[in-house]
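J.: Structure incoming, see below.
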Amino acid sequence: MARALHRSLGAALVALALLGSAVCAQSVGVPAVVERLLQGFSSPDCVRRWQTIEEYTDRMIGRVLSYKEPVTEVTAGLLELAPSRGSSVEQKVQMVSGYADEAGKAFARLAKVAQSVDRSGTNLEVWRKGLPPLTKVLDDPREPFMTRRLAAGVIAESASKSSDAKSAGWGQPLPRLLTSTDPTARLLGSIIAATRGLLPNQAPTKGRVVPELLRGLDADSFAARYESTRALLAVSQLPVDRVCVDPSDGAPDRAAGVRAWQTWWEQSKARSAGDTITQ
């Protein structure tokens with residue numbers, strides 16, 4: 001396969017490998033990190049809980065690589081001590097740590113897909129052969145949300161960074177997600193669009209994307225709720241202290257935040273529903 005074909009997937013796998021190997025690193029700061037995260041997960045303040053989820057997720061999936069504490073030790077400490085902080089905190093830690101487990105399985109799944117592609121021929125030919133198996137994963141409702149989300153991310157990044165990928169049609173699968181009969185496909189397309197993952201000439205309106213993201217706040221999986229929340233913050237450009245939803249909360253506890261997002265949209269859609277989500 002052409003070297004650049006799955007650069008984003010490769011980078012993610014490298015990040016996971018680095019995180020996994022970090023268990024032998026200096027562990028002095030781990031107890032303090034664990035305690036701070038536990039306090040954040042147990043906070044009555046939604047904003048602080050959200051910031052805690054963001055930090056822990058950044059650490060787990062390598063979105064921020066400046067942290068020095070081994071993530072495996074941080075996770076082990078959280079899982080060990082969370083029960084002592086109550087069932088709610090324990091469930092939150094398990095839910096958010098499960099996000100990284102799902103991401104790891106998604107990376108492994110797509111790595112197998114990448115390895116199955118015939119790498120012979122020109123770069124353009126290889127790009128053309130690499131798209132169908134990835135699109136098959138993207139469109140399959142039986143695939144886990146995180147696997148489809150990663151597939152969408154790989155397609156989006158490849159189409160935006162490689163002229164050969166764009167020429168081979170990699171810009172085509174994502175826009176059609178927005179009109180799919182599959183609710184998860186529409187949510188994935190909306191998340192990609194809200195985070196500026198579509199090509200400039202494919203950008204949809206906020207009126208098409210925001211309603212799907214609002215529905216995503218009550219999705220079954222933590223991953224879908226988390227990604228929907230991040231996408232809404234991106235497309236609205238609102239600070240989290242203005243409208244906060246903790247995706248690790250149960251539905252009753254999320255309800256007020258979900259209503260706040262719905263109210264925001266009701267108040268703003270008349271003037272912004274037709275606005276295009278630009279780069």
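The values are calculated or read from the model by the stated rules, or taken from the named source; none is laboratory data. Keep in mind it's a predicted model, so treat the numbers as computed, not measured. Note that we place each Cβ from the backbone using ideal geometry, even for glycine, and neighbour counts take in every protein chain shown. SASA here: full protein model, heavy atoms, side chains in, ligands and nucleic acids out. Shrake-Rupley method; radii C 1.70, N 1.55, O 1.52, S 1.80 Å.
J.: Give the residues of region 243-256 that are open to solvent by 50 Å² or more (accessible area, probe 1.4 Å) and either part of a loop (DSSP other than H, G, I, E, B) or out of contact with any Asp or Glu (no Cβ under 9 Å at 6 or more places or on another chain) (or both), sorted by residue number.
T.: Let us first name the residues in region 243-256 that are open to solvent by 50 Å² or more (accessible area, probe 1.4 Å), namely 251-253, 256.
Across region 243-256, the qualifying residues are Pro252, Ala256.
J.: Now for a separate question. Just one of Arg208, Arg176, Arg196 is under 26 Å from Leu131 (Cβ atoms) and modelled with pLDDT under 95; which is it? Even if it seems obvious, please write down each step before you answer.
T.: On the way: Arg208 fails: modelled with pLDDT under 95; Arg176 fails: modelled with pLDDT under 95.
Only one candidate passes the filter, namely Arg196.
J.: Let me ask something else. Quick one: which residue in Ala219, Ala231 is part of a helix (DSSP H, G or I) and modelled with pLDDT of 95 or more? First the steps, then the outcome.
T.: Details: Ala219 fails: part of a helix (DSSP H, G or I).
Of the residues listed, the single one that is part of a helix (DSSP H, G or I) and modelled with pLDDT of 95 or more is Ala231.
J.: Quickly run through region 130-148 and pick out the residues that are in contact (Cβ under 8 Å) with a residue 40 or more places away in the chain and either of a type in the set (Ser, Thr, Tyr) or not in a loop (DSSP other than H, G, I, E, B) (or both). Steps first, answer last, please.
T.: First pass over region 130-148, keeping only residues in contact (Cβ under 8 Å) with a residue 40 or more places away in the chain: 130-131, 138-139, 141, 144-148.
If the condition is that a residue be in contact (Cβ under 8 Å) with a residue 40 or more places away in the chain and either of a type in the set (Ser, Thr, Tyr) or not in a loop (DSSP other than H, G, I, E, B) (or both), then Gly130, Leu131, Leu138, Asp139, Phe145, Met146, Thr147, Arg148 are the ones that fit.
J.: Got a number for residues in region 181-221 being open to solvent by less than 20 Å² (accessible area, probe 1.4 Å) and of a type in the set (Val, Ile, Thr)?
T.: 4
J.: Determine, yes or no, whether Arg142 is charged (D, E, K, R) and either under 18 Å from Ala203 (Cβ atoms) or open to solvent by 80 Å² or more (accessible area, probe 1.4 Å) (or both). Reasoning before the result, please.
T.: Details: charged (D, E, K, R): yes; either under 18 Å from Ala203 (Cβ atoms) or open to solvent by 80 Å² or more (accessible area, probe 1.4 Å) (or both): yes.
Spelling it out, Arg142 is indeed charged (D, E, K, R) and either under 18 Å from Ala203 (Cβ atoms) or open to solvent by 80 Å² or more (accessible area, probe 1.4 Å) (or both).
J.: Among the residues in region 200-216, are any within 14 Å of Val47 (Cα to Cα) and of a type in the set (Ser, Thr, Tyr)? If you could, list the steps in order and put the result at the bottom.
T.: In the first step, residues of region 200-216 are kept if they are within 14 Å of Val47 (Cα to Cα); the result is none.
No, region 200-216 contains no residue that is within 14 Å of Val47 (Cα to Cα) and of a type in the set (Ser, Thr, Tyr).
J.: Please pick out the residue among Arg109, Arg85 that is at pLDDT 95 or above, closer than 23 Å to Arg186 by Cα, touching a helix residue (DSSP H, G or I) at 6+ places or on another chain (Cβ under 6 Å) and open to solvent by 60 Å² or more (accessible area, probe 1.4 Å). Full working, then the answer.
T.: Details: Arg85 fails: closer than 23 Å to Arg186 by Cα.
Unique residue meeting the criteria: Arg109.
J.: Kindly provide the set of residues from region 229-242 that are open to solvent by less than 20 Å² (accessible area, probe 1.4 Å) and more than 18 Å from Ser272 (Cα to Cα), ordered by number.
T.: Thr229
J.: Name every residue in region 166-187 that is of a type outside the set (S, T, N, Q) and over 28 Å from Asn123 (Cα atoms), in order of residue number. Working first, answer last.
T.: Filtering region 166-187 down to residues of a type outside the set (S, T, N, Q) leaves 166, 168-171, 173-178, 182-183, 185-187.
Passing the criteria: Leu178, Asp182, Pro183, Ala185, Arg186, Leu187.
J.: Scanning region 34-70 for residues that are under 21 Å from Glu227 (Cα atoms) and among the β-branched types (Val, Ile, Thr), which turns out farthest from the chain's Cα centre (by Cα)?
T.: Val47
J.: Sticking with this structure for a sec: Give the number of residues within region 119-129 that are surrounded by fewer than 16 Cβ atoms within 10 Å (Cβ to Cβ) and in contact (Cβ under 8 Å) with a residue 60 or more places away in the chain.
T.: Applying the first criterion (surrounded by fewer than 16 Cβ atoms within 10 Å (Cβ to Cβ)) to region 119-129 yields 119-122, 124-125.
This time we only want the ones that are in contact (Cβ under 8 Å) with a residue 60 or more places away in the chain, so: 119.
Summing the residues that are surrounded by fewer than 16 Cβ atoms within 10 Å (Cβ to Cβ) and in contact (Cβ under 8 Å) with a residue 60 or more places away in the chain in region 119-129 gives 1.
J.: A follow-up question, please. Does any residue in region 260-279 that is open to solvent by 80 Å² or more (accessible area, probe 1.4 Å) come within less than 8 Å, Cβ to Cβ, of a residue that is not in a loop (DSSP other than H, G, I, E, B) six or more places away or on a different chain, and which pairs are these?
T.: Here the result reads Gln262/Leu214; Thr278/Pro200; Gln279/Pro200, each pair linking region 260-279 to a residue that is not in a loop (DSSP other than H, G, I, E, B).
J.: Find the residue count for region 165-206, including only residues that are over 15 Å from Ser228 (Cα atoms), over 17 Å from the mean Cα position of the chain (by Cα) and assigned to a helix (DSSP H, G or I). Talk me through it step by step, then tell me what you get.
T.: First pass over region 165-206, keeping only residues over 15 Å from Ser228 (Cα atoms): 165-177, 179-182, 198-205.
Of the ones still in play, those that are also over 17 Å from the mean Cα position of the chain (by Cα) are 165-173, 175-176, 179-182, 199-205.
Add one more test, that the residue is assigned to a helix (DSSP H, G or I), and what stays is 165-167, 173, 175-176, 200-202.
Number satisfying all stated conditions: 9.
J.: Out of the residues in region 50-82 meeting the condition of being of a type in the set (D, E, K, R) and touching a helix residue (DSSP H, G or I) at 6+ places or on another chain (Cβ under 6 Å), tell me which one is surrounded by the fewest Cβ atoms within 10 Å (Cβ to Cβ). Write out each step before concluding.
T.: Residues of region 50-82 that are of a type in the set (D, E, K, R), as a first pass: 54-55, 58-59, 63, 68-69, 73, 80.
Filter once more, so that each one left must be touching a helix residue (DSSP H, G or I) at 6+ places or on another chain (Cβ under 6 Å): 59, 69, 73.
Numbers: Arg59: 21, Glu69: 20, Glu73: 18.
In this case the residue turns out to be Glu73.
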